[in-house]
Amino acid sequence: MTTETLRSAPVGVVSSAPPAQLARPSPLPAIDVLALAVAVGIAGFGWLSAGYALAVLTVLAWQGMYRVRITPRVADEVPRLLVAVAIPLPLASSGTALLAAGLLITLRGVGYRALCAARASGRLVEPALLVGDVAELAKLVREHPELGLVPREFPDGMPPAELAELVARHGIRRVLVRSAEPRDELVSALRTVRELGVDVCMVPSLPELGLAVPRASLDEVWGIPLIPLRGRRLAGPVKRAFDVVLGTVLLIVFGPLLLVLAVAVRLRNGRPALFRQLRVTGAGRQASIIKLRTLDEHPDPDTRWDVPIRLSTPLGRWLRATHLDELPRLLNVVRGQLSLVGPRPERPHFVARFSADIPQYRDRHRMPAGITGWAQVHGLHGDSSLADRARFDNQYIEYWSPWLDLVILARTVRALASRRGGAR
């Protein structure tokens, strides 16, 4: 389908043209590489200057500066560009940093002008799926071709669960949402869509009021602000590296204690010293999770929710109270079956049951399960509200960062030291 045919298609009909004809990769990384290459070349190429350029690109990526906005303005990005060239300053002279900043700002400005011109001429357009109360939004998009969007409204009456399939089938690269229902189903659908690499933006419920969000993080459609959802594409590899390094260190440090406790359990309770149980550990995967055995026997361990404390030995009760029975799970972390921090791994029987009854419970499995987590450090374990657990687990996933993992681990240590909570 040609661009002209696509633009004249009625709202509500999604084009079946191949995605490659409708969307282009972000040009911003290439623009920034060119700007930094020129700056480094003028300053004199060397290992330090090359490292400086790589560090600037890394900071820009971490700041989310490679998302192509619907309404790009280089003026909004200047503060973040200056921060990016300033952070790795020990690797370069101040003159190189100033030159890099000037070139980044200039070339991005030129690139944005070219982008808007190509959009306005119809040479660079992409379909945008509008969901919810979007009549005004669709009207503005059609009236402003420089935005480069072809509006397609999500059909009324179609279940939100079909949103991801519709997006994947028709090569949609942007989804704009405003005041849509049903809420829980839509939230889950948008999370799935985002995992496909689609740019999802929300219109604030009161767009007339100022938001405590940097302008470089916002987008807009002719004066209507849009809040892009956070992307998590780097979460997997970064989190795994964090787990491998810290998990290995913790296993080395606590290995002797684990061995002593295993021998004590073996002498007191007999074989085996370790208890293994199948748990759902994220993304539909299951793994055999291990811990020190604290019960003489456990009737129906896979389908019984409450723990029969009367069957616990004195040593077992102490291990559970101090949470030292969880130490063997460090082996699961190093093997890649668990994360140090994440939603609590649950038994398959209860995952199926809770997913059917509790809104967004299934969404908490988007990230690997962990030994401790955001819900646990808020005291949500044992017989606490499962809806609250799901809320905190999903909040953790939405706002994950290495720093948040460190905060949770620190709070877990504090809780263990005071014996008031922790990873259960």
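The values are calculated or read from the model by the stated rules, or taken from the named source; none is laboratory data. Fair warning: this is a prediction, and the values are worked out from it, not measured in the lab. We place every Cβ from the backbone using ideal geometry, glycine too, and count neighbours over all the protein chains shown.
Scanning region 111-143 for residues that are part of a loop (DSSP other than H, G, I, E, B) and either surrounded by fewer than 19 Cβ atoms within 10 Å (Cβ to Cβ) or among the charged types (D, E, K, R) (or both) gives Ser121, Gly122, Arg123, Leu124, Asp133.
The residues in region 211-221 that are part of a loop (DSSP other than H, G, I, E, B) and in contact with a His (Cβ under 8 Å, 6 or more places away or on another chain) can be counted, and the count is 0. Going by the conditions given, is Glu326 closer than 30 Å to Arg108 by Cα, modelled with pLDDT of 85 or more and either of a type in the set (Asp, Glu) or surrounded by fewer than 17 Cβ atoms within 10 Å (Cβ to Cβ) (or both)? No: the conditions fail for Glu326.
The condition (being in a loop (DSSP other than H, G, I, E, B), of a type in the set (D, E, K, R) and either touching a residue at least 24 places away in the same chain (Cβ under 8 Å) or under 27 Å from Val74 (Cβ atoms) (or both)) is satisfied by just one residue among Glu208, Glu185: Glu208. Residues that are assigned to a helix (DSSP H, G or I) and more than 19 Å from Leu137 (Cβ to Cβ) within region 154-169 comprise Ala161, Glu162, Ala164, Glu165, Ala168, Arg169, listed in sequence order. Pairing residues of region 83-109 that are under 21 Å from Trp47 (Cβ atoms) and modelled with pLDDT under 95 with residues that are of a type in the set (Phe, Trp, Tyr) and not in a helix (DSSP H, G or I), at Cβ distances under 8 Å and at least 6 apart in sequence or on separate chains, gives no pairs at all. When the test is whether a residue is surrounded by fewer than 19 Cβ atoms within 10 Å (Cβ to Cβ) and touching a Phe, Trp or Tyr at 6+ places or on another chain (Cβ under 9 Å), Leu166 passes it.
For region 351-358, the count of residues that are crowded, with 21+ Cβ neighbours inside 10 Å, of a type in the set (Lys, Arg) and either over 25 Å from Pro328 (Cα atoms) or at pLDDT 90 or above (or both) is zero. Has region 397-405 got at least one residue that is buried (at least 23 other Cβ atoms within 10 Å of the Cβ), of a type in the set (Val, Ile, Thr), touching a helix residue (DSSP H, G or I) at 6+ places or on another chain (Cβ under 7 Å) and closer than 19 Å to Arg285 by Cβ? No, every residue in region 397-405 fails to be buried (at least 23 other Cβ atoms within 10 Å of the Cβ), of a type in the set (Val, Ile, Thr), touching a helix residue (DSSP H, G or I) at 6+ places or on another chain (Cβ under 7 Å) and closer than 19 Å to Arg285 by Cβ.
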